[in-house]
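So the structure is just underneath, and the comments pick up after that.
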């Protein structure tokens, strides 16, 4: 079973730790109070757990651990020019970065797609009638994902 928690996260909430360890958040808090599981306390009084501390706890205690699934970046490309939309789609699709892509030709279609199953983790590239901006956005997205 894969977790919905990003593998890139450094600090985890008690609920996220509970999800990973398949226990209740109350159990996680109890372990933290007993010092069995190391927790940091935020200035607001909330517990946060370093992912590395949770992994050490799993290794030392033998508790089961759910692997975090890699997050998928979904990009909705919006443009009323089919040629430009295809161009941007091809660039992002050929980037090798594993984007899940969808297209829309207008704001209404884009709005409808935002409420479909595609909706989570969206980056909407809405640059109607602006090839320079859409091209710049495409390059920016590629740079961001290569640097992160």
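The values are calculated or read from the model by the stated rules, or taken from the named source; none is laboratory data. Since the model is a prediction, treat every value here as computed from it, not as a measurement. Positions of Cβ are generated from backbone atoms using ideal geometry, with glycine treated the same way; all protein chains shown enter the neighbour counts.
Odds and ends about this structure:
- Of the helices (runs of 4 or more DSSP H) lying entirely inside region 24-123, those containing at least 3 residues that are modelled with pLDDT of 85 or more span 25-34, 51-61, 82-93.
- Residue list for region 79-103, restricted to those being within 30 Å of residue 9 (Cα to Cα) and in contact with a strand residue (DSSP E or B) (Cβ under 8 Å, 6 or more places away or on another chain): 88, 89, 92, 93, 99, 100, 101, 102, 103
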